[in-house]
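Below you'll find the structure, written out as structure tokens, and then a few comments.
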Amino acid sequence: MSEAGNTQPALEVSGLCKNFGALPVTQNIDLTLYPGARHALIGPNGAGKTTLVNQITGVLKPDAGAIRLFGTDITHATPERRVALGVVRTFQIISLFLRLTVAENVGLAVAAARSIDAKPWGSLRDDDRVVEGVRELLERLDLLSVAERQLSELGYGQRRLVEIALALALKPKVLLLDEPAAGVSSRDLGMLLEILTRLPSDIAILVIEHDMSLVFRFAHRISVLVGGALLVEGSVDEVRANQQVRDVYLGRRAHV
Amino acid sequence: MTTVSVTNRPVVAKVRNAFAAHRINWIDIGIWVVAIGAYFVVPTYLSLGTTVLIMILFTLSLDLAVGYGGIDTLGQGAFYGVGGYAAAFWALNVTGEPISGLIVGGGVAGLLALIAGPIVLRTRGLTLIMITLAISSMLGEFAVTAKSITGGDDGLTGYHIEPVFGLFHFDIYYRTAYFYALGVLAAAFIVARIVVNSPFGLTVRGIRENPVRMRLLGVRIRNRLIGLFTLSAAMAGVAGGLTAQVTGLIGVDTLTFLVSGNALISLILGGFGRLYGAFLGAALFYIFSDRAAAINPFHWLLALGILLILAVRFMPNGLMGLADQLRRKEDPLDRSGP
Ligand SMILES: Nc1ncnc2c1ncn2[C@@H]1O[C@H](COP(=O)(O)OP(=O)(O)OP(=O)(O)O)[C@@H](O)[C@H]1O
Ligand SMILES: [Mg+2]
């Protein structure tokens, strides 16, 4: 990593604002992630967490503010461009290819990352580098045993892992995980956490999560979003100790 | 560079096999044996046979768009008609050489798709259905009004098609026509098969399943769909060109919605996104229609309706889906094709 890499933020969101009609969902948000960050974004339902991710990935346009990636302004870049630059997300509502196999799901992402998705001849199954890339990702996410299954045959926990595999295939520099544990059974939660902690350490990761045990074990820093505005940002201990946070958010979910 | 270690081999093979491929199987052999055999067994039906082969080609083109790409078009007939007119125009004004005529027919239809694609493919679902329908109606109107180019209501006729490769003369028994259509269909099938097995083929299936996600994989989905739409249109144009060449006539009826509708019904019968669905479906549809109309010219549409209802009720994935079911009973581990 270059010298600048240590000081330059991977992702820098500044003064971001967005209204849905009269509803302010993003209110002057600042957020900085350095390479290797493990940052959690928490907040009650409807706080605007997913909306923020949608603006970072370019699916929604902010009304004001700027988004920078390693110093480059990407506020107006297309979603495809941002992916190419290394901004990658997973989806709160799992968004995959139901009638394709697990390997094909991941293969699509590997092919896209290698820019061979428009090649109208040959086959991914005969492309050693793609097959090896898919194998490696499936192994890393404990999915090899289900490689040949149609995605629709998988349970929720494994689908979450496929989501992450697709994201990793795109070689992210900034990874946005929108509720990776939603719908995952408590039995699979330990495995998920283990896989998350094994992710490459140079990627900056922002995780949105309601499961506090996962947040506290995974994240180093936490931002709390309430009603579209940042309530507080700090280390895990600071946020845990913050009375306002306990009142507004954590207090309601007593099991902290 | 990656090297595959020996211990990884079974795992790598497993991953490889997890990518579906349109494999050669007994259906391949069966279809081509039947197609060639028909020439000798029922030589008096070669006119119908030629129509069936051309309609299989047209249905195959529709399967690429609808079955693989999820482009729910009702305007495929426009490309068929335009290809037919272009090939007839070519024969009337330039040369009666048939292969160049097909290239012109496919080329003009493909060009039209390339122009219409960026507008049409901005939409999906019902909007796309209506837009494609509107475009094909407009072309139909144009064909009626622009008499100097299209011959108006009479269509284009009176052109002469030269022998294929300068050797095989077209005859009134459709002997040459049948093999000509079969050869073109085989070539188009090989192209279709290569494309659906390719990374591009998997990508468009991904777009069919989930365009939003595809886009967030960094794929320029509009361009991919335009590519598929153009290929599919060119194939439809070739089918139209074949019709113009072997019948010696192209009329406004080729531009009606009926052409698209029949191909869609054929795909419902045969199965979407399977390539062979087009073969089985179009063969069943056209042979059934022809026989039913011959037996009872007044009520054959009723028989067709009943066939369709039964098909949807008992084989929701078409004949190909039925074939899969039977195969899976023998081999419970077998997966369905692409
Ligand atoms: N496209 C939209 N149009 C209008 N309002 C929207 C839209 N998307 C989201 N909202 C509203 O914006 C607010 C924030 O939604 P968002 O999905 O970002 O919340 P969230 O923090 O991700 O919540 P959750 O924890 O439930 O996922 C909610 O009140 C939601 O109803
Ligand atoms: Mg959300």
Return the residues of the range A:134-146 that are part of a helix (DSSP H, G or I), in contact (Cβ under 8 Å) with a residue 24 or more places away in the chain and more than 8 Å from every other protein chain (Cβ to nearest Cβ); say none if nothing qualifies. A:Leu137, A:Arg140, A:Val146
Filter pass, A:Leu206 being within 16 Å of ligand 2 (Cβ to nearest atom), within 13 Å of chain B (Cβ to nearest Cβ), in a strand (DSSP E or B) and under 22 Å from A:Val88 (Cα atoms): no
Residues A:Gly122, A:Gly190, A:Gly183: which one is more than 16 Å from ligand 2 (Cβ to nearest atom) and not in a helix (DSSP H, G or I)? A:Gly122
Just wondering, is there one or more residues in the range B:238-261 that are free of Cβ contacts under 8 Å to residues at least 24 places away in the same chain, surrounded by 22 or more Cβ atoms within 10 Å (Cβ to Cβ) and either under 28 Å from A:Lys119 (Cα atoms) or away from chain A (no Cβ under 14 Å) (or both)? no
Taking the range A:25-46 only, how many residues are modelled with pLDDT of 95 or more and within 8 Å of ligand 1 (Cβ to nearest atom)? 1
Residue pairs qualifying under the 7 Å Cβ cut-off, at least six apart or on distinct chains, with the first in the range A:47-58 being within 14 Å of another protein chain (Cβ to nearest Cβ) and the second being more than 9 Å from ligand 2 (Cβ to nearest atom) and among the small types (Gly, Ala, Ser), are A:Gly58/A:Ala77
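From A:Ala66, A:Ala10, A:Ala22, grab the single residue that is away from ligand 1 (no atom under 13 Å from the Cβ), free of Cβ contacts under 8 Å to residues at least 60 places away in the same chain and among the aliphatic types (A, V, I, L, M). Give the derivation first.
Numbers: A:Ala10 fails: free of Cβ contacts under 8 Å to residues at least 60 places away in the same chain; A:Ala22 fails: away from ligand 1 (no atom under 13 Å from the Cβ).
Just one listed residue meets the conditions, A:Ala66.
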Which residues, counting only those in the range B:193-240, are touching an Asp or Glu at 6+ places or on another chain (Cβ under 8 Å), assigned to a helix (DSSP H, G or I) and among the aliphatic types (A, V, I, L, M)? B:Leu202
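Would you mind listing the helices (runs of 4 or more DSSP H) fully within the range B:1-116 where at least 3 residues are more than 14 Å from every other protein chain (Cβ to nearest Cβ) and more than 20 Å from B:Ala236 (Cα to Cα)?
B:26-41
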Matching residues, the range B:117-157, being touching a residue at least 40 places away in the same chain (Cβ under 8 Å), in a loop (DSSP other than H, G, I, E, B) and within 20 Å of B:Leu62 (Cβ to Cβ): B:Leu121, B:Arg124
In this structure, does B:Phe179 turn out to be in contact with a Phe, Trp or Tyr (Cβ under 8 Å, 6 or more places away or on another chain) and not charged (D, E, K, R)? yes
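Of everything in the range A:174-217, what is on the phi > 0 side of the Ramachandran plot and out of contact with any strand residue (DSSP E or B) (no Cβ under 7 Å at 6 or more places or on another chain)? Give them in sequence order.
A:Gly183
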Can you go through B:Gly84, B:Gly117, B:Gly151, B:Gly110 and tell me which one is more than 23 Å from B:Val184 (Cα to Cα), touching a Ser or Thr at 6+ places or on another chain (Cβ under 7 Å) and crowded, with 16+ Cβ neighbours inside 10 Å? B:Gly117
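The values are calculated or read from the model by the stated rules, or taken from the named source; none is laboratory data. The model shown is predicted, which means the values in this text are computed figures rather than measured ones. Counting neighbours? That spans all protein chains shown, and the Cβs are built from the backbone with ideal geometry, glycine included.
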